[in-house]
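Here's the structure, in structure tokens; my notes come after.
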Amino acid sequence: MNLKLKNAFTLHNQGKLNQAKDACLEILKEDPNNYKILNLLGIIALQSRDLIKSSELINKAINIKSDYAEAYYNLGIVCMQLNQPNKALENWKKAIKFKPDYAEAYNNYANLLIGFNQFELALESYNNAIKYKPKYPEAYNNKGNLLLEMKKLEEAHESYKNAINYKPDYAEA
């Protein structure tokens, strides 16, 4: 990763959104088709609550690299913020298609499936999230919530215990 690209991501990770945005715009002057930077700008727009701009930027990244799993994942988050759950499902499904071990995408996909009363499919998706990221307390907790809803109390208890095992201060679990 070149230095300018690394700097943009570092600034973003430090929460310096305006500086990260400026660094991204500089990179795009030299490389307007940098899909990673377009995606990062989309994330920054999402964090700045500019959902339409976020969607546009992330879609630009996808148009450049149609198998960019992270962009589909982020677009799913934007779609949820825009109250477009069906589109969010589609995007998380694509993220998983292009990155079959994408634990976070499986977790979000499962969370949304519950809203569509697709409990068995959601449970399968949580299991995949855990399979690919065995120390994923949020997935264990979410799975526990689903199992509780399904009246599978012993399994729910076990799932919550796993969540706490990997994150001892996890109050929700």
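The values are calculated or read from the model by the stated rules, or taken from the named source; none is laboratory data. From a predicted model like this one, the values you see are computed outputs, not experimental measurements. Methodologically, a virtual Cβ is constructed for each residue, glycine included, from the backbone with ideal geometry; neighbour enumeration extends over all protein chains shown. We work out accessible area using only protein heavy atoms, side chains counted, and drop any ligands, DNA or RNA first. Shrake-Rupley method; radii C 1.70, N 1.55, O 1.52, S 1.80 Å.
Cβ-Cβ distances below 6 Å connect the following pairs, each with a first residue in segment 93-119 that is under 21 Å from Q81 (Cα atoms), a second residue that is open to solvent by 30 Å² or more (accessible area, probe 1.4 Å) and among the hydrophobic types (A, V, I, L, M, F, W, C), and a separation of six or more residues or different chains: L113/L121. Listed by first and then second residue, the pairs with beta-carbon distance under 6 Å, at least 6 apart or on different chains, first residue in segment 144-173 and among the aromatic types (F, W, Y), second surrounded by 15 or more Cβ atoms within 10 Å (Cβ to Cβ) and outside any loop (DSSP other than H, G, I, E, B), are Y160/G144; Y166/P137; Y170/P137; Y170/A163; Y170/I164. Among the conditions (1) assigned to a helix (DSSP H, G or I); (2) open to solvent by 20 Å² or more (accessible area, probe 1.4 Å), A8 misses just one, which is (2). Restricting the search to helices (runs of 4 or more DSSP H) fully inside segment 68-173 and requiring at least 2 residues that are at negative phi, open to solvent by 30 Å² or more (accessible area, probe 1.4 Å) and among the acidic types (D, E) gives 119-132, 137-149, 153-166. Scanning segment 48-58 for residues that are in a helix (DSSP H, G or I), closer than 20 Å to E26 by Cα and of a type outside the set (D, E, K, R) yields S54, L57, I58. Against the test of being of a type in the set (A, V, I, L, M) and either in contact with a strand residue (DSSP E or B) (Cβ under 8 Å, 6 or more places away or on another chain) or over 30 Å from S125 (Cα atoms) (or both), the options L89, L25, L82, L51 yield a single qualifying residue, L25. Check whether at least one residue in segment 97-109 is of a type in the set (K, R) and within 29 Å of L51 (Cα to Cα), and report yes or no. Yes, that holds for at least one residue. The single residue among Y73, Y126, Y68 that is within 18 Å of K143 (Cα to Cα), touching a helix residue (DSSP H, G or I) at 6+ places or on another chain (Cβ under 9 Å) and at pLDDT 95 or above turns out to be Y126. When segment 11-62 is limited to residues that are among the small types (G, A, S) and either farther than 24 Å from A95 by Cβ or without any contact (Cβ under 8 Å) to a residue 12 or more places away in the chain (or both), the one that is least open to solvent (accessible area, probe 1.4 Å) turns out to be A23. Does segment 50-71 contain any residue that is in contact with a Ser or Thr (Cβ under 7 Å, 6 or more places away or on another chain) and not aromatic (F, W, Y)? No, that holds for no residue.
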